[in-house]
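Rule-based calculations on the coordinates, nothing more; no lab input. Predicted, not measured: the structure shown is a model, and the values here were computed from it. Please note: Cβ atoms are built from the backbone with ideal geometry, for glycine as well, and neighbour counts cover all protein chains shown.
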């Protein structure tokens with residue numbers, strides 16, 4: 001066994017293990033949000049916002065060290081499998097969006113909630129337009145209407161502050177526990 005582990009008390013060992021599991025909290029919340037695609041919602045328009053993307057952007061805005069740019073690939077692939085998108089679509093678009101997020105983040109001198117919301121809105125718009133382009137190319141332009149997709153993009157952008165608060169509350173509750 002490791003000597004520091006042997007020197008730790010029982011409570012210290014629990015805190016050490018809990019600190020290690022905190023790194024997986026963003027990924028777990030993103031994947032749980034991906035399960036929302038299984039919700040039995042019947043509607044004539046696409047009204048289900050892209051919750052995994054919202055959680056990814058919220059965690060990236062407030063705890064960027066927990067969601068590096070490379071994490072978009074495995075998370076995106078898992079969400080593609082859960083949501084029914086072609087495998088590799090989100091797995092390609094999410095890391096690209098996270099790298100662009102890094103570039104924008106480095107250029108900003110000061111960050112506040114408005115700039116985080118603007119960066120998230122640009123990311124949501126870029127990912128959804130990329131998805132629309134690929135899906136339209138695959139289906140020869142007969143898959144969906146652009147007006148309903150714009151409604152979905154607007155709804156997703158409007159829900160970002162709420163999802164950011166939920167992810168902050170998840171983190172706060174995890175740290176207190």
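Details
- Applying 1/(1 + (r/R0)^6) with R0 = 41 Å to the Cβ-Cβ distance of residue 35 and residue 109 gives a FRET efficiency near 0.60.
- Counting beta carbons within 10 Å around each of 160, 24, 55 and listing the fewest first gives the order 24, 160, 55.
- From least to most packed, judged by other beta carbons within 10 angstrom and beginning with the fewest, 48, 97, 110 follow the order 110, 48, 97.
- Over the chain: Kirkwood hydrodynamic radius from C-alpha pairwise inverse distances, Å: 17.6 Å
- As a length-normalised measure over Cα pairs under 8 Å and 6 or more apart, the relative contact order of the chain settles at 25 percent.
- Counting every other Cβ atom within 10 Å of each residue's Cβ, 12, 136, 171 order from fewest to most as 12, 136, 171.
- Using the Cβ-Cβ distance between residue 118 and residue 73 with R0 set to 22 Å, the FRET efficiency works out to roughly 0.30.
- Computed [θ] at 222 nm, helices only, for the chain once each DSSP H run of length n ≥ 4 contributes -39500 (n - 2.57): -23000 deg cm²/dmol
- C-alpha long axis of helix 72-83 to longest principal axis of the chain, angle in °: 60 degrees
- Helix 51-62 axis, angle to the chain major axis (alpha carbon atoms, nearest 10°): 50 degrees
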